[in-house]
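**Student:** Sharing a structure below in structure tokens format, with a few things to ask.
The numbers here are math on the coordinates, done by the rules we state, and not lab data. Computed from a predicted structure; not experimentally measured. Positions of Cβ are backbone-derived with ideal geometry, glycine not excepted, and every protein chain shown enters the neighbour counts.
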2 protein chains.
Amino acid sequence: MNNTREIIAHSLLFDGLPPEQLAEIEKLVIKKHVVKGTPIFFEGDPGLGFYMVASGKVKIFKTSFDGKEQILHIFGPGEPFGEVPVFHGTPFPANAEALTSTELLFFPRAEFVDLIIASPSLAFNMLAVLALRLRRFATQIENLSLKEVPGRLASYLFFLMEEQNNQEWVTLDIPKGQLANLLGATSETLSRIFNKMHDEGLIRVEGKTIFVLDHQRLRDR
Amino acid sequence: MNNTREIIAHSLLFDGLPPEQLAEIEKLVIKKHVVKGTPIFFEGDPGLGFYMVASGKVKIFKTSFDGKEQILHIFGPGEPFGEVPVFHGTPFPANAEALTSTELLFFPRAEFVDLIIASPSLAFNMLAVLALRLRRFATQIENLSLKEVPGRLASYLFFLMEEQNNQEWVTLDIPKGQLANLLGATSETLSRIFNKMHDEGLIRVEGKTIFVLDHQRLRDR
DNA sequence: GAGCTTTTTTGACTTAGGTCAAGGAAAGTT
DNA sequence: AACTTTCCTTGACCTAAGTCAAAAAAGCTC
């Protein structure tokens, strides 16, 4: 499913749009391929358009003056990113980088804005996308500020169980160091917490596979 | 300026709309008055519409199981809040409470959605509002995760200097305890940091007035 | 599969900021 | 002005998580 039309037709952003509109949208897409580790944009760059992941994975992140990194989102196939400048007219608020070899769809700003103005359903879908993202941010702030690292890890494991539709075990889709950056911790701390949770009989860790042994006690970390 | 038409006409959300559309919008507004401390909605409540502050101040916040509070936003006159459920159809992601005696405008969901669908400019304004909010959240996550409390306080002081258009001193518009909840700290810690910054000659604190004595050194906290 | 690089783990140590408890200071009320 | 309530500060103490350094494990490449 590496085909542009497939990706946009199945994305939440373009969901429910008539075929002729999808064709319009497809016409303005610029495809880009980037290898693992490639920067896609930097905080402060002018936003000339937004992106959608066709295949692969992209992280959106902030960095501190001393190089520590906080991941804001990890986006996979069908998910748009970099929309803030399109609608607010300001530069990108954060950096984007490919976590894997990635196929990107780029939507140039001016053309896309014309489409949005002409299509209330598309505008409405975009509003839904941004609203969902606000909700996610609210949860992330809650996690960072009101929970300790074990609680944040537990949340993430439950999120993966949901996503992977498996109550027994989950597969980490990113390296543990990146997970630490997502949870607002260091890799050392995360490693120690995996250990502790194992010792307490909550989980079993085998490389990138985490077996969840005690849902109840994991939930109230 | 406690009049509905004045408020909506000067808000960013309804900026640039023709008078006849403003009249339409005004018609569906329901005015509500709440005293200081009144809950406006709770996390998890179904969102039957969104609000705009006409006068006063409202905080949007999350609470932890043990009662600690993290403020996500503080909204003043002309600022809308509670839009997430309108566009994403899910319950409110956080709580809202009046920080002062407050005049609110309520926009019922269904009627407002009709207006948005009929008006590309209104849809576009709303997209800009949500995009700005995403940017703010990204900054807040950066502050919480990548800066220590003194750095977060410094950011907030610079934000107030900008807002109050004064390079010499700022007036805290909220109690220090609430400021602590906004910065992700306790009031004890915040108090100690005010002390330390005073001892270091960065600021002078007189009740709710903070004199900024050394911009340069305050900036790199 | 030997030799890289990158990622993860472990140990010893430090520290920012939280908690608990008790006073003070403001601010609103009668 | 006295009273009550809310807000802010201070001191003593504790702990979650960071830092630094080094080793171990896992992935790649030729």
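**Student:** Of A:Gly184, A:Gln164, A:His215, whose Cα points farthest to the positive end of the dipole of the stretch A:147-219 (charges on the beta-carbon: +1 Lys, Arg; -1 Asp, Glu; origin at the Cα centre)?
**Tutor:** After comparing all options, I get A:Gly184.
**Student:** Can you list, shortest first in nanometers, how far A:Phe159 lies from the same residue in the other copies, with each label 7 Å from Cα toward Cβ?
**Tutor:** List, nearest first: 2.2 nm.
**Student:** Can you list which of the DSSP-assigned H helices in chain B have a Cα extent of 27 Å or more along the long axis and an average Kyte-Doolittle score of at least -0.5?
**Tutor:** Details: long enough: B:120-146 (38 Å, 0.69).
The answer, listed by residue number, is B:120-146.
**Student:** Follow-up question, since we're still on this one. Placing the label point 7 Å from Cα along the Cα-to-Cβ direction, what are the distances from B:Ala110 to the equivalent spots in the other copies, shortest first, in nm to one decimal?
**Tutor:** From this label point to the equivalent ones elsewhere in the assembly: 4.2 nm.
**Student:** Under the rule that an exposed site lies in a DSSP loop and has at most 16 other Cβ atoms within 10 Å, name the longest stretch of chain A with no GluC sites (Glu not before Pro) of that kind, not counting the sites themselves. Please report the intermediate quantities before stating the final value.
**Tutor:** Values: sites that count: A:Glu43, A:Glu148, A:Glu168, A:Glu200.
Excluding the exposed sites themselves, the longest stretch runs over A:44-147.
**Student:** Between B:Arg204 and B:Arg136, with labels modelled 7 Å along Cα→Cβ, what's the label distance in nm to one decimal, could you check?
**Tutor:** Result for the modelled spin labels: 3.2 nm.
**Student:** Find every distance from the label point of B:His10 to the corresponding label point in the other copies (7 Å from Cα along Cα→Cβ) and write them in nm, one decimal, shortest first.
**Tutor:** Reported distances to equivalent positions: 5.1 nm.
**Student:** If each of A:Thr171 and B:Glu168 carries a label point 7 Å out from its Cα toward its Cβ, how far apart are those two points in nm?
**Tutor:** 6.5
**Student:** Another question, then. Dipole magnitude of the stretch B:4-136 about its Cα centre, charges +1 at Lys/Arg Cβ and -1 at Asp/Glu Cβ only, in debye to the nearest 20?
**Tutor:** Numbers: 13 positive and 15 negative charges, 75 e Å.
My answer is approximately 360 debye.
**Student:** Here's something else I'd like to know. Please state the equivalent ellipsoid semi-axes for the stretch A:114-184: what are the square roots of 5 times the Cα gyration tensor eigenvalues, largest first, in whole Å? Can you show the working numbers first?
**Tutor:** Values: eigenvalues 190, 50, 25 Å².
Largest first, the stretch A:114-184 gives 31, 16, 11 Å.
**Student:** Would you mind checking the pairs B:Lys27/B:Lys59; A:Lys32/A:Lys208; A:Lys62/B:Lys57; A:Lys62/B:Lys147; A:Lys147/B:Lys68 and listing those with alpha carbons more than 21 angstrom apart? Don't skip to the end; give the middle numbers.
**Tutor:** Working: B:Lys27/B:Lys59 26 Å; A:Lys32/A:Lys208 29 Å; A:Lys62/B:Lys57 30 Å; A:Lys62/B:Lys147 11 Å; A:Lys147/B:Lys68 10 Å.
Going by Cα-Cα distance, B:Lys27/B:Lys59; A:Lys32/A:Lys208; A:Lys62/B:Lys57 fall outside the 21 Å limit.
**Student:** Once every Cα of the protein assembly as shown carries one equal point scatterer and solvent is ignored, give the base-10 log of I(q)/I(0) from the Debye formula at q = 0.09, 0.11, 0.12, 0.13 Å⁻¹, two decimals.
**Tutor:** Here the Debye-derived log intensity ratios amount to -0.64, -0.98, -1.16, -1.34.
**Student:** Determine the sum of side-chain charges near A:Lys68: Lys and Arg each +1, Asp and Glu each -1, restricted to other residues whose C-beta is under 14 angstrom from that of A:Lys68.
**Tutor:** On the way: positive: A:Lys62, B:Lys147; negative: A:Asp66, A:Glu69, A:Glu188, B:Glu142, B:Glu148.
Net of charged neighbours comes to -3.
**Student:** Please compute the volume of the convex hull spanned by the alpha-carbon atoms of chain B and report it per residue in Å³. Walk me through the intermediate numbers first.
**Tutor:** Working: hull volume 29.3 nm³, N = 221.
Each residue corresponds to 132 Å³ of Cα convex hull volume.
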